[in-house]
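This report refers to the structure that appears directly beneath it.
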Amino acid sequence: MKTRFIVLIDFSSYSKFELQLAKCWGDAMGADLLLLHQPLVFAPALTDIETRDEIVQNEVEKATAKLRSFAGQHLENTSRVTYRVATEDLFLALSELLREHYYNLIFVGLKGTGLLKRIFLGSTAIKVIDQVNVPTVAVPRHPFNMSPESFYVGVNYRYPLNTEALDKLLSLFGDRIKNIKFISIITEKDSRKLAIEYLEDLEEQYGTQWNASYHTFEGDDAFYELKQYMNARTDGVLLVQRGTRSLTDQLFRRFFINELVYDASVPLIVLPSWLSPNSL
């Protein structure tokens, strides 16, 4: 099955980083790029259907031209790039695209500065992470390593890791990934014995092909230590799984994405849950 990266473009400064990362990975993996944009279409309330259709078509043509210009501005080669302007709901457009015969990854930018970033992350990124059950790459605006050598995989023994999704990603990256570090926060409510056993099982499962290891964060300072740990590592990508505690808990999700992805300047890949790999 051919691989395709769906890159959500809103023409903000964040879009450039999404596009550059998708192109870098796409070149290495032989993936096609599809740039998806949803314009704001305004038509008078009493407009007849024919006139409204003309207005929509005009907006589609302008947005498509803008997408092509944007791609040409930031990419040296656009031969593997296609364009889609969605005049319908964004998630309806994604649903249609995901029914096509591709292995898809979605790229979305993270937004927010100052106090606002700690309260509210860009709604599109959160909605895509919450609603679209395909691998999703959340891209920070700050400079980051576009050629990772390590995967830092957040796991919890209560929510088994989707190893099929992880294995697929590893196959795409090939021998560029040298290290896999499984990381886990162990709280007072967790069984430390079960947590360590699960981490050891993952280490053994992946240790035959990669340099696999694990690291735990425990106690009152676990979140701070996790942030410090990731701040010191610029060689990789952070992975978590959709539907696990780290995403469903709102406070932890904000901390996880804002403090680790935005501040530490590492991309985040959200793995799909154990459902169909191309589903909403």
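Worth a mention:
- Pairs beyond 31 Å (Cα-Cα), from K23/K178; K127/K227; K2/K227; K178/K227; K168/K193; K23/K227: K2/K227
- Distance (nanometres) between label positions extended 7 Å along Cα→Cβ at R233 and S147: 2.1 nm
- Per-residue accessible area (protein heavy atoms, 1.4 Å probe) orders F144, F173 as F144, F173, starting from the largest.
- Counting heavy atoms of the protein chains alone, W274 has an accessible area of about 130 Å² for a 1.4 Å probe.
The values are calculated or read from the model by the stated rules, or taken from the named source; none is laboratory data. All figures in this text were calculated on a predicted structure; none of them were measured in a lab. Here Cβ is always computed from backbone atoms with ideal geometry, including for glycine, and neighbour counts include all displayed protein chains. Side chains are part of the model used for accessible areas, which takes the heavy atoms of the whole protein and leaves out ligands, DNA and RNA. Shrake-Rupley method; radii C 1.70, N 1.55, O 1.52, S 1.80 Å.
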